[in-house]
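One structure is given here, and the rest of the page talks about it.
All of the numbers you see were taken from the coordinates with simple rules; none came from a lab. The shown structure was predicted, so the numbers you read here are calculated from the model rather than taken from an experiment. Backbone-built Cβ (ideal geometry, glycine too); neighbour counts: all protein chains shown.
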Amino acid sequence: MAITKMKRLEIVGLNNERKRLIEYLQRCGVVDISDSREEGLESRETATVISQLDQYMSSASEALDILRPYSQAKGGMFYIRPEISADNYAATSGEMAEITALVSEVIKLRKQREKNREDIASYEATIRSLEPYKMLDIPLGTKTVGKVNIRIGTLDGEWDEERLWKVFNDAEIQDVYFEILSKDCQQTAVFVMYHNDAAKRVEPVLAGINLLAPPINTVGKTPLEYSEELRARCEALKNEYEDGEIRIKELATNKGKIELFYDKLSLRREKYNTLARVGITENAFFVSGYIPEKAGEKLLPELEKQFIVSAELIEPDVEEDVPKAFENNAFVSPVEGITSDYSMPSSHDVDPNPIMAFFYYFFFGMMFSDAGYGLILMIVCGLLGFGSFMEKDKRRAYKMFFFCGVSTTFWGIMYGSFFGDMIATVSKTFGDGSVAFTPILMDPVQKPLQLLIMSVAFGLVHILTAIATKFYMTWRDGDKFAAICDSGFWFVLLFGLAVFAGGMALGIKILETVGLVMLIGSAAGLILTQGRNQKNPIMKLFGGILSLYDITSYVGDILSYSRLMALGLATGVIASVINVLGSLGGDSVVGMIAFIAISIFGHALNFAINMLGAYVHTNRLQYVEFYQKFYEGGGKKYKPFGFNTKYFRFKN
């Protein structure tokens, strides 16, 4: 249970084997390849190829998005990707041509259908705008016929002949002819005709009433003829649109081929990206990377057997930025993601997961603290984490929550909580009230102070463990004096504070005395040593005295573990309130139905909210109160060059 031992792998070979060796390393999937372009070494220019592959992948991804609604293929959390042989991971030229043509057709069909949809909408809008003029027997846009001027357009609001005649009469115009083509409360379409000689008198009047010409020219056709023509176009476009959809549905049967093509491109892109980091000369190449020691010992003879190369495993330098990976058992490995999300360990760190795992499960269960919820978590996450319903890489989080469920069940039994007080509530409501789930340790609602003290005590243990880990790391690195001064004295001081407080609370004088001695001795040690980097003796003493102020930080951290009590109480109290609400219907059929319905909804909501709270606050206790005491972080994660695909699994 530790950080995986890494070795640096260095390979020198002939250029004519470079590509084949890189492909072999990709199949092996165990080497984190570094940039090997050193002084005097060149590299292959792959940016153009990678850019081309990115375009192909982008097009394939776009085509898959188009086909996805039409495909019957399964997906989702429980979908297990098909597994195929690594021998099929390279795309042939024939396959490239076939799939790129397929992808192009899918994208072209989508674009054509979008254009059809836009054109149909435009034509339909035009048809609607022609509706007020459909009784006209001349084309829209007609301005003159011989010496007669024609104006066609719309007026705001609802007009009638009397109102329009009044406008002309007021302007003393009689030699004009007009027709009301259509009208509604918003606008009125009119046809106006007058002689050229009357134009100077009529046109200002028309402008005054804001006669707006239609924005459409029916191109030598009457509005009705043009509308019919547009309807015919719409019908043709709709047929073309439907034909396109039928064709896309047919092409959706090839979705798997495009997915495989996408994955092959992804692997090829990763290969060329790696080739760009390989140092080359006129005749040779140089590859450097990191590999787990055990895997390296197996890989080395295979490389020398299959290639004309010189390969060796080298112990990395102490200050070398070696990628990190964890190697832990089934109990610890599920929480490795919690640590990697925070930061991978530095070269000086120990693997914090074995220590953190126990506290993580312990605190999560203490905050969730209901046996009923814990059993649900155990059953569901146990099936998902240890069953074969999901791919291996997706199971880790469920394994973690399975162990959290075990801890939750344990603390639920300790607190006497099974869906709150459901057993007692059911017994009282529908029975004689003689059955109840009795707590083994304590009832948090009845003894909140004891629970608070216990929570703070567990927090102190957690922080002391972090300080002890820091002590071990400093001692291991050879600075034993710093280990004693910077970690040892603080450990004794905090432990002594706990002993002293315990002695006072229990009235045991010997504990008070021992605790006081530990407090005084460790405080004196801190005063004498914490300013040791100062040259001035007075500043040394002053720096040591000021260091005692850090006790406030430690006390604040310890008190933050009161959240163990708060969240534990919240889970149980809310669950009990839900049970009370459910029991209000009394001992009847309706009451039973109401109890079941309210219980299912209420406990599901309580489960979701408090599980999220337990997860967030458990992470916080590790990140803020625990890791910051000893964990440096900042390391680089081990990312082996291999088959990292989206839709298919290639056997390494």
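Hey, got the dipole for region 333-629? About the Cα centre, +1 on K and R Cβ, -1 on D and E Cβ, debye to the nearest 20?
Working: 17 positive and 18 negative charges, 113 e Å.
For region 333-629, the charge dipole is close to 540 debye.
Counting only helical runs of four or more DSSP H residues, what would the 222 nm mean residue ellipticity of the chain come to if each run contributes -39,500 (n - 2.57) and the total is spread over all its residues?
Working: 20 runs with 362 residues, N = 652.
The helix contribution divided over the chain gives -19000 deg cm²/dmol.
How far apart, in nanometres, would the label points at LYS305 and SER58 be if each is projected 7 angstrom from Cα along the Cα-to-Cβ direction?
4.4
Once each part is reduced to its C-alpha centroid, what is the distance from region 440-493 to region 579-652 in angstrom?
Region 440-493 and region 579-652 have Cα centres separated by 27 Å.
So how many Å³ per residue does the convex hull of the Cα atoms of region 142-213 work out to?
Details: hull volume 5.5 nm³, N = 72.
About 76 Å³ per residue, rounded to a whole number.
Could you give the dipole magnitude of region 142-213 about its Cα centre, charging the beta-carbon of Lys and Arg +1 and that of Asp and Glu -1, in debye to the nearest 20?
Result for region 142-213 is approximately 340 debye, rounded to the nearest 20.
Given the peptides 349-361, 509-521, arrange them by the average over their residues of other C-beta atoms within 10 Å, most packed first.
On the way: 349-361: 21.6, 509-521: 15.2.
Packing proxy ranking, top to bottom: 349-361, 509-521.
Quick one: angle between helix 371-386 and the longest Cα principal axis of the chain, in degrees between 0 and 90, rounded to 10, please.
With both axes taken from Cα atoms, the answer is about 80 degrees.
For TYR24 and LYS447, what does the FRET efficiency come to when R0 = 60 Å and r is the distance between their Cβ atoms, rounded to the nearest 0.05? Write out the running numbers ahead of the final one.
Values: r = 65 Å, r/R0 = 1.08.
Efficiency, from the Cβ-Cβ distance: 0.40.
What is the gain in length, in nm to one decimal, between ALA2 and LYS480 on full extension, counting 0.36 nm per residue of separation less the C-alpha to C-alpha distance? Before the final figure, lay out each step's value.
Numbers: separation 478, 0.36 × 478 = 172.08 nm, distance 2.26 nm.
Length difference between fully extended and current span is 169.8 nm.
Once fully extended, how much extra length lies between THR438 and VAL219, figured as 0.36 nm per residue of separation less the alpha-carbon to alpha-carbon distance? Let's see the in-between values first.
Numbers: separation 219, 0.36 × 219 = 78.84 nm, distance 9.01 nm.
Stretched fully, the THR438-VAL219 segment lengthens by 69.8 nm.
With a/c under 1.5 counting as rounded, go ahead and sort region 202-249 into rounded, prolate or oblate using the C-alpha gyration tensor (a ≥ b ≥ c being the square roots of the eigenvalues; past the cut-off, prolate if a/b is larger than b/c, else oblate).
Details: a/c = 6.83, a/b = 3.19, b/c = 2.14.
Cα axes put region 202-249 in the prolate bin.
Calculated FRET efficiency, PHE601 and ILE84, Cβ-Cβ r, R0 45 Å, to nearest 0.05? Walk me through the numbers on the way to the answer.
Working: r = 45 Å, r/R0 = 1.00.
Efficiency, from the Cβ-Cβ distance: 0.50.
With a/c under 1.5 counting as rounded, go ahead and sort region 441-532 into rounded, prolate or oblate using the C-alpha gyration tensor (a ≥ b ≥ c being the square roots of the eigenvalues; past the cut-off, prolate if a/b is larger than b/c, else oblate).
On the way: a/c = 3.59, a/b = 1.69, b/c = 2.13.
Since a/c reaches 1.5 but b/c is at least a/b, the shape of region 441-532 is classed as oblate.
Using 7 Å Cα-to-Cβ label points, what is the THR513/ILE150 separation (nm, one decimal)?
12.1
What's the magnitude of the charge dipole for the chain around its Cα centre, counting Lys and Arg as +1 and Asp and Glu as -1 at the beta-carbon? Answer in Debye, nearest 20. Write down the numbers at each step before the final one.
Details: 68 positive and 78 negative charges, 300 e Å.
Roughly 1440 debye for the chain.
Listed here are the pairs LYS5/LYS651; LYS134/LYS183; LYS5/LYS394; LYS134/LYS166; LYS111/LYS264; LYS399/LYS629; which of them are more than 21 Å apart at the Cα?
Values: LYS5/LYS651 25 Å; LYS134/LYS183 13 Å; LYS5/LYS394 25 Å; LYS134/LYS166 26 Å; LYS111/LYS264 26 Å; LYS399/LYS629 27 Å.
From the list (LYS5/LYS651; LYS134/LYS183; LYS5/LYS394; LYS134/LYS166; LYS111/LYS264; LYS399/LYS629), the Cα-Cα distance tops 21 Å for LYS5/LYS651; LYS5/LYS394; LYS134/LYS166; LYS111/LYS264; LYS399/LYS629.
When DSSP assigns beta bridges and you keep just the ones with both residues in the chain, what percent turn out antiparallel, to the nearest 5?
Working: 43 of 47 bridges.
In the chain, DSSP labels about 90 percent of beta bridges as antiparallel.
Loop only by DSSP, 13 or fewer other Cβ within 10 Å of the Cβ. Give me the GluC sites (Glu not before Pro) in region 127-224 that pass, ordered by residue number. Can you show the working numbers first?
On the way: sites: GLU158, GLU161, GLU162, GLU172, GLU179; in loops: GLU158, GLU172.
Counting only loop positions with at most 13 other Cβ atoms within 10 Å, the GluC sites (Glu not before Pro) in region 127-224 are GLU158, GLU172.
Bin width 10 Å, origin at 0, all Cα-Cα pairs of region 116-245: what percent of pairs per bin?
It works out to 12, 37, 29, 14, 6, 2, 0, in whole percents.
Name the residue from VAL322, VAL435, PHE500 whose Cα lies farthest towards the positive end of the charge dipole of the chain, charges +1 on Cβ of Lys and Arg and -1 on Cβ of Asp and Glu.
It is PHE500.
Along the charge dipole of region 142-213, Cβ charges K/R +1 and D/E -1, which of LEU181, ILE152, LEU164 sits furthest on the positive end?
Of the options given, the answer is ILE152.
Pairing the Cα long axis of helix 293-306 with the longest principal axis of the chain, what angle in degrees results, from 0 to 90 and rounded to the nearest 10?
With both axes taken from Cα atoms, the answer is about 60 degrees.
Taking all pairs of different Cα atoms in region 26-177, averaging 1/r and flipping that mean, what Kirkwood radius in angstroms comes out? Show your work: numbers first, answer last.
On the way: mean 1/r = 0.0411 Å⁻¹.
Hydrodynamic radius (Kirkwood, Cα pairs) of region 26-177 is 24.3 Å.
Full extension from GLN628 to GLN186: what is 0.36 nm times the residue separation minus their Cα-Cα distance, to one decimal in nm? All intermediate terms of the calculation are to be shown ahead of the outcome.
Details: separation 442, 0.36 × 442 = 159.12 nm, distance 7.11 nm.
Between GLN628 and GLN186, full extension yields 152.0 nm more.
Using mean Cβ contacts within 10 Å as the protection proxy, how do 263-270, 251-258 order, highest first? Let's see the in-between values first.
On the way: 263-270: 21.2, 251-258: 17.9.
Going from most to least packed, we get 263-270, 251-258.
State whether region 235-280 is rounded, prolate or oblate according to the following rule on the C-alpha gyration tensor (a ≥ b ≥ c being the square roots of its eigenvalues): a/c under 1.5 gives rounded; otherwise a/b larger than b/c gives prolate, and the remaining case gives oblate.
Details: a/c = 10.17, a/b = 3.52, b/c = 2.88.
Prolate, because a/c is 1.5 or more and a/b exceeds b/c.
So what is the diffusion coefficient of the chain in µm² per second by Stokes-Einstein at 37 °C and 0.692 mPa s, using a Kirkwood Rh over Cα pairs? All intermediate terms of the calculation are to be shown ahead of the outcome.
Numbers: Rh = 33.5 Å.
Roughly 98 µm²/s, to the nearest whole number.
Taking R0 as 45 Å, what's the FRET efficiency between GLU114 and ALA397 from their Cβ-Cβ distance, rounded to 0.05?
Values: r = 40 Å, r/R0 = 0.88.
Using R0 = 45 Å, I get an efficiency of 0.70.
What number, in percent, do you get for the relative contact order of the chain if the mean sequence gap of Cα pairs under 8 Å and at least 6 apart is divided by its residue count? Kindly include the intermediate steps, with their values, before the conclusion.
Working: 985 pairs, mean separation 143.5, N = 652.
Here the relative contact order equals 22 percent.
Ranked from highest to lowest mean number of other Cβ atoms within 10 Å per residue, what is the order of the peptides 27-36, 538-547? Provide the component values of the computation, followed by the final result.
Values: 27-36: 18.9, 538-547: 15.3.
Listed from highest to lowest mean packing, they are 27-36, 538-547.
Any idea how far apart PHE386 and ALA125 come out in nm if each label point goes 7 Å out from Cα toward Cβ?
Between PHE386 and ALA125, the label points sit 6.3 nm apart.
Hey, if you put +1 on the Cβ of every Lys and Arg and -1 on every Asp and Glu Cβ in the chain, which of GLY572, ALA357, PHE650 ends up farthest toward the positive end of that dipole?
Result: ALA357.
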